[in-house]
1. Given a 1.4 Å probe and every protein chain left where it sits, what share in percent of the accessible area of segment 128-186 is carbon and sulfur?
2. Any idea of the accessible area per residue across segment 118-243, 1.4 Å probe, to the nearest Å²?
3. For segment 219-320, just list the percent of Cα-Cα distances falling in each 5 Å bin from zero outward, please.
4. Return the sequence-ordered ³J(HN,Hα) values of segment 351-362 in whole Hz as given by the Karplus equation 6.51 cos²θ - 1.76 cosθ + 1.60 applied to θ = phi - 60°, using x for Gly and Pro.
5. Percent of accessible area on segment 287-392 owned by carbon and sulfur, 1.4 Å probe?
6. Hey, if we sort Lys156, Lys364 by accessible area with the 1.4 Å probe, largest down, what's the order?
7. Taking segment 173-218 on its own, what percent of its Cα-Cα pair distances exceed 16 Å?
8. Between the alpha-carbon centers of segment 216-280 and segment 338-353, tell me the distance in whole angstrom.
Amino acid sequence: MNVPTSGTPTLCRRCGQISPGSAGPCPHCGSPLTGAPARSPAVQRAPILNGSVHHFEPARVTSGPELNLNLSRRTWQRIGAGGAVLVLALIAFLVLRPAPPSPAGTVEQYFEHLAAGDTAAALALADMSFATERAPLLIPAALAAEADRPADLAVKSTQDLTGDGRYSVVTASYRIGEQTLEQDFAVSETGDEETPYRLEDPFLYLAVRLPEGMDLTVNGISVGASRGTPVLPGRYTAATTGNSLFAGASRTAVYETGQRGTTAEIDLAPLEIAPGAAAAVQETVERYLDTNCVNPQGFTASYRCPLQAPSLAWSQTTTWTVTTAPQLQLTPAESGRSAVRFSTATAGAAAYTTTYTEFGGAEKSESGTVPIDISGSAAIGDDGAMRIALGY
């Protein structure tokens with residue numbers, strides 16, 4: 001912008017500032033100068049625009065915005081309450097903000113999921129090195145009951161084995177029912193922002209002993225007997241309904257921590273004999289004698305008959321009649337076998353008639369009685385029928 005440097009000082013009618021010249025644009029606002037000559041500051045008057053008098057107030061400079069301190073008591077109370085809310089919000093943020101990821105924090109998060117019954121979230125933190133079909137109890141139903149879930153976790157220590165946090169061992173204790181366990185958890189760094197740490201094999205291993213061929217449920221889930229299936233930390237109860245030989249039973253796991261880690265064992269093998277087992281075995285043995293001795297069915301049936309008649313000739317034929325059935329008594333078989341042992345409590349009797357041919361060709365017969373004293377074992381087959389084996 002070209003500004004005149006000589007001439008009569010002129011008052012700009014637009015902005016009220018004095019220009020050094022009387023022609024051209026105003027150096028302050030750029031408007032054409034058509035104003036009157038400016039008076040000296042001592043006698044300068046307010047400019048007259050279209051007959052009106054305009055007073056240009058001098059600018060006031062302050063150090064900051066003016067505050068109206070004459071506020072009501074309620075206003076001050078609101079201001080104080082708002083400040084208190086901000087302070088509390090800041091404190092809550094500092095206290096409640098999530099802790100940075102750590103091996104110990106991952107173990108704590110794992111048990112928080114278990115305590116809430118969120119099995120899927122807990123397993124998402126675990127590095128599983130086995131097929132899921134080997135772990136039928138790693139499902140939500142296994143810990144559906146709150147009483148079966150672990151509680152009262154306490155992290156005891158964290159040991160950094162590599163010095164850079166890539167692999168650590170976190171020792172923690174927790175409660176299952178009335179028993180407190182202490183377990184080491186191996187934690188490895190993943191490099192994944194979403195799951196920065198994973199727990200390697202953070203399970204218990206459950207072993208259940210049960211007579212063969214019997215039904216089994218663990219925490220209500222139908223499973224087979226196991227020597228060591230992985231389970232989540234929790235309380236486990238095994239049960240069987242039993243059968244015609246054994247009474248049903250239910251037992252809770254006993255936990256132990258050793259060189260193999262933390263194990264849970266349930267022993268259902270020494271089952272009590274069912275109330276009706278003695279009568280069932282007695283009936284089965286009597287039927288066995290009838291099928292293989294009295295009325296042998298098949299060529300080899302007689303070879304299975306436990307009754308022995310006197311040997312009178314190289315070739316002889318013997319027929320039997322059970323006159324008094326033996327009365328049997330039962331005892332449990334060896335632990336883990338799905339059989340019961342039976343033996344004779346009161347001997348029975350069987351009558352025989354033996355027919356044979358003498359050396360000279362004459363046919364003869366002889367009759368008599370023998371005691372029945374037998375022993376063996378009885379078991380339930382896959383078809384649910386009872387079978388006996390003699391001489392065991």
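The values are calculated or read from the model by the stated rules, or taken from the named source; none is laboratory data. Since the structure is predicted, the reported quantities are computational estimates derived from the model, not experimental observations. With ideal geometry, Cβ positions are generated from the backbone for all residues, glycine too; neighbour counts draw on all protein chains shown. Please note that ligands, DNA and RNA were not included when accessible areas were found on the heavy atoms of the full protein model with its side chains. Shrake-Rupley method; radii C 1.70, N 1.55, O 1.52, S 1.80 Å.
1. Details: 1560 of 3310 Å².
That fraction is 47 percent.
2. On the way: 6230 Å² over 126 residues.
Heavy-atom SASA per residue in segment 118-243 reads 49 Å².
3. Spelled out per bin, shortest first, that is 2, 9, 14, 12, 9, 8, 8, 8, 7, 7, 6, 4, 3, 1, 0.
4. 8, 10, 9, 10, 10, 8, 10, 6, 4, x, x, 7
5. Numbers: 3170 of 6420 Å².
Accessible surface attributable to carbon and sulfur in segment 287-392 totals 49 percent.
6. On the way: Lys156 120, Lys364 90 Å².
The ranking, largest first, comes out as Lys156, Lys364.
7. On the way: 666 of 1035 pairs.
So the pairs more than 16 Å apart make up 64 percent of the total in segment 173-218.
8. Taking the Cα centre of segment 338-353 as reference, the centre of segment 216-280 is 33 Å away.
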